[in-house]
Each structure stands twice: as structure tokens, then as C-alpha cells.
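Shown next, in C-alpha cells, is the structure this report addresses.
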Amino acid sequence: MAAPVQSIAIFGAGGGGTSAAAHLTTLGFQIRLYSQDESALAPLQEIGGIEYDAPFGKGFAKIPVITSDAATAMAGAELVMIVSPAHLHEKWISAAAPHLTDDQTLFVSPGHTLMLIPHILRANGIKNPVFCETATLPYLCRRTGPTTCRISRVSDFMVFGGFPGVATKRQYDIVSTVYPAVKEFSNVLETVFPYGNAIHHPPAFLCNAGRVEATGGDFRHYYDGITPSVGRLIDAVDRERIAVADALNAKTMPFVELFYQMGYTTEAARESGIAYEAFHQSEPDKWIPAPPQLEHRYFLEDVPYGHIIYSELGRLAGVPTPTIDHIIHLASVSLGRDLTADALTLEKMGLAGVTKERFLDLLENGFDN
Amino acid sequence: MTVQKVTILGAGHGGCAAAADLTARGFEVRLHARREESLAPLREQGGIQAAGVQDGLFPVHLLTTDIEAAITGADIIMLVVPSVAHGFYAEALAPLLTPDIPVFVNPGHTGGALHFVSELRRAGYTDPVKTCETVTLTYICRKTGLASVEIFSYTKKLKFAAFPGKHAQDMFDLVKPLYPKITLVSSVLETALTNINAVFHAPGMLMNAGWIEDTGGDFLFYREGITPAVGRVIAELDAERMAVAKALGVPTASFLENFYQAGLTTLEAKDSGDISRACVESEPNWKIKSPPSLDHRYIHEDVGYGLVPFAGFGRLADVPTPTIDGIIHLTSEMMDIPYATDGLTLEAMGLGDLDAEGVLKFVEEGA
């Protein structure tokens, strides 16, 4: 039986990391905040914590350890929580790996990089890596200034999976004491499919590319930008994603249902089953402005770490994904560079040429057999 | 033979402009429309009121909804309708047409003449037929009222080809007096692959779909909508189009070159190689607003009757067209219309069973 979680190392001092630090401090956990970005840490070190504005109140969260030294951050922590964009997973996990002990739980939120993390851990000498993740960040939040963060929403539904699948339950029992909102799924294949941003950001961004560039993003991304025909394209992406998940025997739900479960849209939209209604009736997303330019994570993260992994898994499962593939291509052309170059491919996870059977076996049983 | 009696099928912008212009220049014009409502205002006024290249009220020799009356005694039939209507007119003409009356598809866009003849054959017409086409309409014009039209100019250096190609010189000599600015090109494959509307309208619509639907098209399509990213997609699409043309041995020029030659942008913009800039600096297009919805010929015609045949020619030539295919697929999902099968396929152009060499022979011989 693992020791109850009291001390948590948080990797990442952006919006997600600082929000987690603030929230979990208010819940009574001891937070040890780590980043490699000294300029992000310095203002927090100066005041010894973070000021927050959140649904659970406004205040100052005192953070006992704020450091750019990974060993210091992780010393004595029961839980090591990585809170970063997917393209930084490699960097953060490589920093954490040398100091990770067997009694620590490695929790990546959001994860949805499939076998990338085990691959990096193995490259760092951990032969039988174990970790867990959520499909989405626990917060709708932003770092609003050098010493402030704003949390507009704390998630009450997060898809949770572990690697290997046989270790999911044990890790779930630990993480759910920190985040009761996590819902247990079988493995990290089931956390990759509900990564909502990957479903809708690339098609919506492509269909609003002209407006983003012409106006510098002077419109509401979801409410104005996701019109009926854009919604139909999102629905087409979602049908392909579900077909891939089905072929790999992964549990997943339609995007609109997921969006509803996460509390982002109405019962009426849920019943319509279409993405346009889901976004048009989304109160939390209504006022979110469009990004000011196309060089933005809606393409830069959600294509290489979202659409491309669905396409890769489709190939592995023998399921065609034409809509997803065409969006990948056109997003690349519109940016003037190949988004597949640094993408999360099976090759990048050390799984080039893997068969479907071997892949599913690895996910469930890990590298120990 | 010289043309004196011209039948114009279609009384939209182009049909009315042609009827007024050719009447003004002494031709005997018979103007046909499918619906009497289109013709009634013209009858009431006693002709078409034109401004621009021609100025005045021009009484058209015959206004009719009867296609047989319209073509009887004609020296040439000019089909001035959107690509999507070519099939309808082919079917209507099949029992009436005789081999001595050539058909001028104005404009043919991509594959207009091939499609028209294929539909004519399908409708049971077995005699020889001579057709020809221009890539775009012979006029820059716009209807300004129910019975009035503004003709800004004749289209310059307009590419013209005949099908079957063996009649090219005859057809050119026939049409040249009507439209002195046409230039004869190698074949209908060259006019087909010169269709610039398909090259830039479809990416412009796809990448501004949200803006169009959210605001009812409340922005300037070319000046604001063709941004650098949209320009990059157009450039990639254009490179695929040119690769297809090259593989088929069809002479071709870049979008920028064609756009500049058509008088639609500045030399500086052309030389910059930047399609976004060329569109932003297109003075004739400056004030042109976006379509109010996606349910518009910029998609229906320019995807279905532009990109779909481009992709078909690409398969024929064994040249990959991922950007063209992508736009076809995504607009199909968005419109819920399967353009790849509903649009102008190789089959619909009568080229379904042929290889590349067979197609080249077919466009020359007509069989």
C-alpha cells in the first residue's frame, strides 16, 4: 500500500502548473514547483507562491519549494505531476527520469502522448516504466501575470488511464485522492482518444485561417468560428476517430457526448449529437477569442500530437482516415512547413513497424514480458 | 461561312451582355431562357439596356423559352450558363441539333465542351458535332437590373479551343469576328487546365468558411480573404495543376502569370511570386465581396467542375494531387455533397475508359 499523497512535485510553471499549484495548496497538499524557465520562476520565488483567482476563491497560495533543480523538486514527493504541452513532454520527462523512485507515482496531466513517455523513460534507463495520465488538463485556466493565475473552471470529469494497463487501477487509487474527478479507463490508448482539442482545433482553425490572418483573430474562436459547415467537418473527423478507436477495442465516446460529460455544453446540444450545436451552446467556451495568428498550438500542437496520432493509429488498425489526413496536409501547406516532421509518430515512440497485436499487448502489459 | 445569326442559351449576366453586345454590333440574336420570368422584363422594356462597352437599349431579334424556335436557322449556338447546367442543355438539344450548327460553350471552364458532347451522346445524339469553348466568359460584366447589364470590358487574351480539335482552325475563324480577343490554344485540355477560378476560389472558400457563414460574407473576398496562408495553399494547388498539365504534354502557365495576363494584378505582384499579394493588389477585384454563403458557385462549380476534373486528369497522368484531393474531400464533408462522384469526373467528360494517350487522341478526333 502506497503512502497517502501529501507532497506533490509539479513540473511546469505555465497556466496549468501554477493553477495546479494554487488549487492543490488550498486543498492542503505540500507543493514543490519546478520549471527550467528561470524567468517564469523568479517572480514566484520572490513572493514565495502564487496569487490566484478561482471559482474556489481568491488568494495567495504559499509554495514551500520553487526550484529549477529537478532533484530538489522531487525529493520526498509521493506524486510527480507533469503539466505541460505535449511537445515538452520529452524535455520534462527526461529531467524527471534520473530522480524518479519506485514509490513515486508519475502523473502526466494532460498526457495523451500514448507510448512516448514510456519510450523516453526507457531511454533514460528505466526498463519497466510505469506512469499514468489524464486526457485533459484539470483546469480551464491562464497564467495572467508574473505572479498571478486565473482558474475559470476546475474539471469534474477527466478520462484517466495508466501504463501499463495492468497498473492503471493501482495508480488510479492514488491520483483519485488528489483529483476525485478522474474517471478510470483501461489504459493510455483510452486517454489518447478523448483529447478533445485534437478533434476540433485543426479543422476549425483551417476553416477560419483567412479570418485569423485578416483580423488578427478578432472574433470568438468557438462561438463565431464553428459554424454549421465547420461543425460538419469536425463531425467527420470525429467519425474517423471513433472508427479507429473501435478497431483497436478502445472505449471512447463521441466528441459531443464527451464535451457534455466535461460540462461544456447543454443537454439539448448533447441530444443533437452535432459539434456545431455543442460549441454554439457552450457557455464556458463562448467568449474565448480566436488566436491572433496561425502559428499557434491549435495547429502546432493539435496536428502533430493529435490528428497525426489518430492517422497513425488508423494505419495500424487498417482504418482509413481521409478527412484527418487531408487536414494534416492542408494545415502543413497553409503554414508553409511539414507538420509531420516533428510529429508524434509510432516511430517516435520507438514502435516503428509494430503490429497491432504487439502494440495492444505492450499497452496492457508493458515491457516486462 | 460567316456568322450572322447567333443563338444565345442563358439569360444571366453573360447571356444578357452577349445579347446586347452582339445586337449592337449587327448580329441577329435569339436569346433563350428557361423561364419566362427572365425574359418578361426584357420584352416590357423592348430590349436590353446596356452600359459600358455598349451604351443604349438594344432590341433583341427573338426572346423565347422555346429552345427549338431559338436554334432554328442559327449559324452558331452559344451556351452561356454555369457548368452545372451544361447537362440540362445537352439533353434539351439532343433531339433538335443538326451537324451544321456548331456549339460554342462560353465559358467552358474545365471540360465544358467535352462534358456537353458527352451528355449529348448520352441523350441519344449520334451525328457529328463541332464544339468550341473559352476558358472564361468573353465579358467582364454584371446584370444591374432585371433588364439591364453593365459590360465593363471584353476579356483579353482569352484562350479558345475546339472539340474535336481537328476543327480548331475552322471554329476559330468562325468565332474570331464575334470575339477578336480570343487566342487559339492547343486543345480543350489546355483551356481546361487554365481555369484559374478553380485554383483560387475553392481554397478561398474553404479557409474562410467560418467567416462566410458567421457574417453572411461581410468581407472583401480577394482583398481580405486571400491571406498569406490561403495564398500558400493556392500556390500548392497550382503547382499540382501545372504538374498534371506538364505530364499530359499540355502547355501551361502559372496562376500568377495567367492572373497577370488577364489584367487582374500588377507586374510587381506577379514578379513577387506571392499569390496573396497578387489578389490583394487586384484592382478589378478590390470591391468584390465574399459570397454570402457556402452554397455558391465558388464551391459547387469550382470544386465540382474545376478541382474534380483536375484530380481526374491527375489520375490519368499518374500525378499525385494531394492538395486538390484534400480540398475536394473537405468541402464535400462540409457541404454534404460528394463532389468527387457528383462532379465532372472523367466519365462525365466521356474519357472514362481511356488512358492518357487515348485522351489526347480523343480530344483531337472526337472519337
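One residue stands out among those in region A:327-344 that are more than 11 Å from every other protein chain (Cβ to nearest Cβ) and open to solvent by 30 Å² or more (accessible area, probe 1.4 Å): the one that is farthest from the chain's Cα centre (by Cα), which is A:338.
In summary, residue B:90 fulfils each of the numbered conditions (1) closer than 22 Å to residue B:71 by Cα; (2) open to solvent by 30 Å² or more (accessible area, probe 1.4 Å) with the single exception of condition (2). Among the residues in region A:136-146, are any closer than 24 Å to residue A:240 by Cβ and modelled with pLDDT of 95 or more? Looking for residues that are closer than 24 Å to residue A:240 by Cβ and modelled with pLDDT of 95 or more, one finds none in region A:136-146, hence no. Tallying residues that are open to solvent by less than 10 Å² (accessible area, probe 1.4 Å) and either touching a helix residue (DSSP H, G or I) at 6+ places or on another chain (Cβ under 6 Å) or within 11 Å of another protein chain (Cβ to nearest Cβ) (or both) within region A:170-188 yields 1. Any chance region A:187-203 includes a residue that's in contact (Cβ under 8 Å) with a residue 12 or more places away in the chain, farther than 20 Å from residue A:138 by Cβ and small (Gly, Ala, Ser)? So far as region A:187-203 goes, no, none of its residues is in contact (Cβ under 8 Å) with a residue 12 or more places away in the chain, farther than 20 Å from residue A:138 by Cβ and small (Gly, Ala, Ser). For region B:301-334, the tally of residues that are within 14 Å of another protein chain (Cβ to nearest Cβ) and not in a helix (DSSP H, G or I) stands at 2. Of the residues making up region A:313-333, those that are within 24 Å of residue A:295 (Cβ to Cβ) and out of contact with any Phe, Trp or Tyr (no Cβ under 8 Å at 6 or more places or on another chain) number 9. Among the residues of region A:140-159, those identified as touching a helix residue (DSSP H, G or I) at 6+ places or on another chain (Cβ under 6 Å) and of a type outside the set (Val, Ile, Thr) are A:141, A:142, A:143, A:146, A:149, A:157.
Here the condition is being within 18 Å of residue B:258 (Cβ to Cβ), in contact (Cβ under 8 Å) with a residue 60 or more places away in the chain and open to solvent by less than 10 Å² (accessible area, probe 1.4 Å); of B:134, B:138, it holds for B:138 alone.
Exactly one residue out of A:324, A:308 is assigned to a helix (DSSP H, G or I), β-branched (Val, Ile, Thr), within 23 Å of the chain's Cα centre (by Cα) and within 14 Å of chain B (Cβ to nearest Cβ), and it is A:324. Within region A:131-147, being surrounded by 24 or more Cβ atoms within 10 Å (Cβ to Cβ) and in a loop (DSSP other than H, G, I, E, B) holds for A:135, A:138.
Checked against the criteria, residue B:272 counts as among the polar types (S, T, N, Q), surrounded by fewer than 22 Cβ atoms within 10 Å (Cβ to Cβ) and without any contact (Cβ under 8 Å) to a residue 12 or more places away in the chain.
No other residue among B:183, B:126 is farther than 19 Å from residue B:305 by Cα and in a loop (DSSP other than H, G, I, E, B) apart from B:126.
Within region B:201-255, if we keep just the residues that are within 13 Å of another protein chain (Cβ to nearest Cβ) and among the polar types (S, T, N, Q), the residue that is farthest from residue A:332 (Cα to Cα) turns out to be B:215. Those helices (runs of 4 or more DSSP H) of region A:189-255 in which at least 1 residues are closer than 30 Å to residue B:215 by Cβ and more than 7 Å from chain B (Cβ to nearest Cβ), considering only elements entirely within it, cover A:196-206, A:209-215, A:228-247. The set of residues from region B:275-287 being touching a residue at least 60 places away in the same chain (Cβ under 8 Å) and open to solvent by 60 Å² or more (accessible area, probe 1.4 Å) comprises B:284, B:286, B:287. Residue count for region A:263-305 satisfying the condition of being open to solvent by 30 Å² or more (accessible area, probe 1.4 Å), part of a helix (DSSP H, G or I) and not aliphatic (A, V, I, L, M): 8. Taken over region A:56-65, the criterion of being within 21 Å of residue A:175 (Cβ to Cβ) and exposed (fewer than 15 other Cβ atoms within 10 Å of the Cβ) is satisfied by A:56 alone. How about region A:229-256: which of its residues are out of contact with any Asp or Glu (no Cβ under 7 Å at 6 or more places or on another chain) and basic (Lys, Arg)? Scanning region A:229-256 gives A:239, A:241. When region A:153-164 is filtered for residues that are open to solvent by 10 Å² or more (accessible area, probe 1.4 Å) and touching an Asp or Glu at 6+ places or on another chain (Cβ under 9 Å), only A:164 remains. In region A:311-321, of all residues being within 18 Å of residue B:329 (Cα to Cα) and part of a loop (DSSP other than H, G, I, E, B), the one that is farthest from the other protein chains (Cβ to nearest Cβ) corresponds to A:319. Just one of (1) touching a residue at least 24 places away in the same chain (Cβ under 8 Å); (2) open to solvent by 20 Å² or more (accessible area, probe 1.4 Å) fails for residue A:102. It is (1). Based on this model, can you work out whether residue B:292 counts as closer than 25 Å to residue A:200 by Cα and in contact with an Asp or Glu (Cβ under 9 Å, 6 or more places away or on another chain)? For residue B:292, the condition - closer than 25 Å to residue A:200 by Cα and in contact with an Asp or Glu (Cβ under 9 Å, 6 or more places away or on another chain) - is met.
Against the criterion of being open to solvent by less than 10 Å² (accessible area, probe 1.4 Å), in contact with a Ser or Thr (Cβ under 8 Å, 6 or more places away or on another chain), of a type outside the set (A, V, I, L, M, F, W, C) and touching a residue at least 12 places away in the same chain (Cβ under 8 Å), residue A:68 does not qualify. Inspect region A:223-232 for any residue being within 22 Å of residue A:114 (Cα to Cα) and open to solvent by 20 Å² or more (accessible area, probe 1.4 Å) and give the result as yes or no. Checked against the condition, which is being within 22 Å of residue A:114 (Cα to Cα) and open to solvent by 20 Å² or more (accessible area, probe 1.4 Å), region A:223-232 yields no hits at all.
The values are calculated or read from the model by the stated rules, or taken from the named source; none is laboratory data. Predicted model only: the values in this text are computed from it and were never measured. Reconstructed Cβ throughout: ideal geometry from the backbone, glycine too, with neighbour counts over all protein chains shown. All accessible areas refer to the heavy atoms of the entire protein, side chains included, with ligands and DNA or RNA removed. Shrake-Rupley method; radii C 1.70, N 1.55, O 1.52, S 1.80 Å.
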